[in-house]
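Chemist: One structure is given below, represented as structure tokens, and several questions about it will come after.
What follows is calculated from the coordinates using simple rules that are stated; it is not laboratory data. Owing to the predicted nature of the structure, the values given are computational and were not obtained by experimental measurement. Here the Cβ positions follow ideal geometry from the backbone for every residue, glycine too, while neighbour counts run over all protein chains shown.
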Amino acid sequence: MPARRPTLAIIGRPNVGKSTLFNRITRSRAALVADVPGLTRDPKVGIGRLGEAGYIVVDTGGIDETSDDVLAGRVAEHALAVARDCDAAIFVVDGRAGLNAADELLAAELRRAGVALALAVNKAEGLDGALVTAEFRRLGIAAVFAISAAHGDGVAALVEHLTGSWPPASSYLAEDDGRTRIAVVGRPNVGKSTLVNRVLGEERMITYDLPGTTRDSVDADFERHGRAYTIIDTAGLRRKSRTEGVAEKFSAVQTLQALDRAQVVLLVLDARDGITEQDVTLLGMVVESGRALVVVVNKWDGLDADQRQRIKSELDRRLRFATFAEIHFISALHGSGVGDLFGAVDAAAAAALRTHKTGDLTRLLEAALAAHQPPLVRGRRIKLRYAHMGGLNPPTIVIHGNQVDALPGSYQRYLENYFREALGLVGTPIRLELRQSDNPYAGRRNKLTPRQQAKRRRLMQHVKRKK
């Protein structure tokens with residue numbers, strides 16, 4: 001089993017640019033950020049995308065109340081707890097506002113925590129790095145970086161300093177041992193453990209009708225019709241007082257770690273609640289991870305015809321960015337529809353792990369271009385030349401061409417849908433990687449033939465006589 005991803009915390013006063021830095025490091029949009037309620041402000045959790053390492057980023061968000069004085073109490077205590085639980089922390093300060101007493105208080109607490117720490121002096125664009133960081137060196141943090149989270153200046157070096165020795169992202173992916181690994185994710189109390197119990201045919205998971213309790217991932221191996229599976233349930237219960245740390249209490253962290261180890265995800269929704277914001281957030285996390293997906297709408301048996309039609313319409317509207325996923329309506333408690341899930345899981349896993357020949361992909365690319373040409377850029381047509389496989393789970397198709405950086409997002413989505421439909425990929429997202437074709441003659445001078453050289457000499461002599 002792969003080790004868990006390390007966590008990187010972003011800590012600081014309000015309005016110093018923590019959220020901007022979080023978005024820069026995770027390369028995320030707000031809709032794909034996991035908001036976990038229960039703190040002064042909701043923390044955000046995402047996968048780090050800067051650097052080669054695989055890690056989870058936690059933006060503590062709410063290290064403030066209405067004034068900096070509160071840092072001496074509960075808020076500073078919360079920051080310290082987050083820092084102790086994470087593997088490294090970025091302490092963000094405002095380079096334009098300058099150093100204040102709140103920064104000094106928080107820095108002292110973070111130093112005592114003993115966590116790997118770097119100081120990010122933000123909003124340093126257009127300023128001299130040495131000058132803007134000078135007064136902050138009084139905080140006693142050895143690693144100091146002048147950055148601009150908004151523009152990206154200095155962020156890569158900051159992240160590399162803290163994560164450079166961490167294992168690469170590939171080391172956390174599911175092992176290929178012939179088993180299909182299924183992660184069961186969803187909000188508290190939607191019926192995840194009941195579904196797992198139904199699949200396993202035994203009371204392997206303790207189930208309570210109490211939402212919000214802290215959960216560990218629990219694995220169970222089983223076989224069905226000669227196929228081997230491992231089911232990863234993120235709803236194994238334990239008492240809150242026995243959790244090991246603040247970051248591990250975030251269900252989003254546990255979900256991300258479960259996604260690392262899975263090939264297929266069952267996202268469980270509660271039909272009685274409809275589609276909540278947290279459901280959409282979890283769906284965004286799954287889509288961003290690239291894992292194959294089956295959407296499971298539980299407690300379907302308790303709805304009348306009008307309620308069922310309303311839920312189906314809501315699914316069509318709110319899950320529009322995951323149309324590749326099959327949707328199944330079940331009752332985990334009574335077992336109706338549960339058996340059909342395995343066909344969807346097998347189909348999604350097969351699609352996510354299927355390889356395709358370069359010739360086939362290139363012919364499909366040519367057909368897509370013939371049906372709908374790329375747009376013109378500065379009067380020139382974008383040229384896409386050939387395609388080949390670039391990875392599995394999710395299937396990644398690499399397309400080579402000219403001016404690919406200018407290819408609009410709408411046309412990229414057209415290509416994704418075209419490839420998905422033509423290849424019959426059901427249950428898995430597809431990713432495109434665009435690469436600029438190299439000019440094989442760049443930097444090379446044409447070698448003239450003897451006849452061309454003689455003609456060149458005659459032209460040169462003619463020009464000289466005219467002078």
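Chemist: Pop out the ³J(HN,Hα) list for region 137-144 in order, Karplus 6.51 cos²θ - 1.76 cosθ + 1.60 with θ = phi - 60°, rounded to Hz; leave Gly and Pro as x.
Modeler: Karplus-based 3J(HN,Hα) across region 137-144 equals 5, 5, 6, x, 9, 5, 8, 10 Hz.
Chemist: Related question: Taking θ = phi - 60°, what integer Hz values does the Karplus form 6.51 cos²θ - 1.76 cosθ + 1.60 yield along region 382-394, in sequence order, with x for Gly and Pro?
Modeler: Once rounded to whole Hz, the list reads 5, 10, 10, 9, 7, 9, 8, 5, x, x, 10, 6, x.
Chemist: Now, a different point. Given the Cα atoms of region 395-435, and with Rh set as the inverse mean 1/r over their pairs in the Kirkwood sense, what is Rg to Rh to two decimals? Write out the running numbers ahead of the final one.
Modeler: Details: Rg = 10.5 Å, Rh = 10.7 Å.
In region 395-435, Rg relative to Rh is 0.97.
Chemist: ³J(HN,Hα) across region 99-105 via Karplus (A = 6.51, B = -1.76, C = 1.60, θ = phi - 60°), whole Hz, x for Gly/Pro?
Modeler: Here the 3J(HN,Hα) series is 6, 9, 5, 5, 4, 5, 4 Hz.
Chemist: For region 354-467, what number of Lys pairs, 8 or more residues apart or on separate chains, have alpha-carbon atoms under 27 Å from each other? Intermediate values should be presented prior to the final figure.
Modeler: Numbers: K357/K383; K447/K455; K447/K464; K455/K464; K455/K466; K455/K467.
Qualifying lysine pairs in region 354-467: 6.
Chemist: Quick one, can you get me the convex hull of the C-alpha atoms of region 325-458 expressed as volume per residue in Å³?
Modeler: Details: hull volume 21.0 nm³, N = 134.
Spread over its residues, the Cα hull of region 325-458 gives 157 Å³ apiece.
Chemist: Here's another thing I want to ask about it. May I ask you to list the trypsin sites (Lys or Arg not before Pro) in region 358-388 that are in a DSSP loop and have at most 12 other Cβ atoms within 10 Å of their Cβ?
Modeler: Answer in residue order: R378.
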